[in-house]
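The values are calculated or read from the model by the stated rules, or taken from the named source; none is laboratory data. Source: prediction; values computed, not measured. Neighbour counts are summed over all protein chains in view; Cβ atoms, including those assigned to glycine, are modelled from backbone coordinates with ideal geometry. Remember, those area values only see protein heavy atoms, side chains included, never the ligands or the DNA or RNA. Shrake-Rupley method; radii C 1.70, N 1.55, O 1.52, S 1.80 Å.
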Amino acid sequence: MTLYTLEARDLAKRYGDADTGVEAVRGVSLAIEPGEIVLIMGPSGSGKTTLLSMLGGLLRPTEGEIRLDDTVLTELSESRLPHVRLTRFGFVFQDFNLLSALSVLENVAIVAELAGMKRGPAREKACALLTELGLGQRLGFLPDRLSGGEKQRVAIARALVNDPALILADEPTANLDSAIGREIMRLLRRIAKEHGRSVVIVSHDERIREIADRVLWLEDGSIREASALSVDPVCGMHVERDGAVTVTDQAVTLYFCSRGCRAEYLGLLGDVDRPAPELEVLR
């Protein structure tokens, strides 16, 4: 029997009344294994942040169940949720959310202290984590003296300090350049694998695919495996292969979101300085 870090079943989140309401998430079910990194992608407004907030106990679903190890989050009272969020989850945000008046060491240690650890052991643990993440020479710095990559490493240390079962990251590379973003994601993967931490990331960043064990696609509030999708070579939209408009070009099948994109693609082929390949139009 597989033991999951987190299981979500039939999650739905609706805002507003029945007649004028909006269904941000509908019927989402997923299970995260220990040490697994799951990337959830999708267009803006698809419900990614709403889903992540529900998984982390920050937002109650309208329907469905969320189970973290042996705890059913959706059955907990509002008074119990803050302690669970503090001790069982680690959160990493795109804007880092560091306290500007506290040093690097204090930003991490305070989270352990809030969970009940005494100041001395909390600082020792924070120091060890920050040193492991390459910030041993920055412990006394205030956040405004750090680079973006250093701030995100502090945020990762803060997320890890209470030994959470699950790390939730919301657009963690959004404010980082390409090289630093890739470095941060590889670091997060190493930590997840070495310490058996499960990680769920929501992002638009295609670069994160290289460190993910599984990629899911969320659109119109519903989720599916991204492996069942293809990218339209004209507009870049993800499209379901089943029922898509297609063309076979040199034995490779291309999938399009519409006949318009397919026509544009065929037109581009005619513009290049070479004979157009023989194309089999499937739909």
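Miscellaneous remarks
- Tensor-based shape of the range 69-226 (alpha-carbon gyration tensor, a/c under 1.5 rounded, otherwise prolate or oblate): oblate
- Reachable lysines, given that their alpha-carbon falls under 28 Å from the alpha-carbon of Lys118 and they are not under 8 places away in the same chain: Lys151
- Computed over protein heavy atoms with a 1.4 Å probe, the carbon and sulfur contribution to the accessible area of the chain reaches 49%.
- The Cα atoms of the range 1-121 give a gyration tensor whose axes a ≥ b ≥ c have a/c of 1.5 or more with a/b greater than b/c, which makes the shape prolate.
- Computed accessible area, Thr87, all protein chains, 1.4 angstrom probe, square angstrom: 30 Å²
- Dipole of the chain computed with +1 at Lys/Arg Cβ and -1 at Asp/Glu Cβ about the Cα centre; of Leu254, Val215, Asn162, farthest Cα towards the positive end is Asn162.
- On Cα atoms only, tilt of 119-132 relative to the major axis of the chain in degrees: 40 degrees
- Relative contact order (%) - the range 114-168, alpha-carbon pairs under 8 angstrom, separation at least six: 38 percent
- Sites Glu113 and Arg214, calculated FRET efficiency, Cβ-Cβ separation with R0 41 Å, nearest 0.05: 0.70
- Candidates Val202, Val92, Val84, ranked by Gaussian network fluctuation over the chain, Cα under 10 Å, top entry: Val84
- Difference of contour (0.36 nm per residue) and Cα-Cα distance, Arg207 to Ser147: 19.6 nm
- Once the Cβ-Cβ distance of Thr49 and Val72 is raised to the sixth power relative to R0 = 35 Å, the FRET efficiency obtained is 0.95.
- Accessible area in square angstrom per residue, the chain, 1.4 angstrom probe: 50 Å²
- For the chain, built as a Gaussian network whose Cα springs stay under 10 Å, the top-fluctuating residue of Met54, Met117, Met41: Met117
- GNM top mover of Ser230, Ser258, Ser147 - the chain, alpha-carbon springs below 10 Å: Ser258
- The chain: angle of helix 148-160 to the longest principal axis, Cα-based, in degrees nearest 10: 60 degrees
- Residues Glu132 and Arg9, FRET efficiency given R0 of 45 Å [Cβ-Cβ distance, rounded to 0.05]: 0.80
- Once the Cα-Cα distance is subtracted from the 0.36 nm per residue extended length, the His83 to Ala31 segment shows a gain of 16.4 nm.
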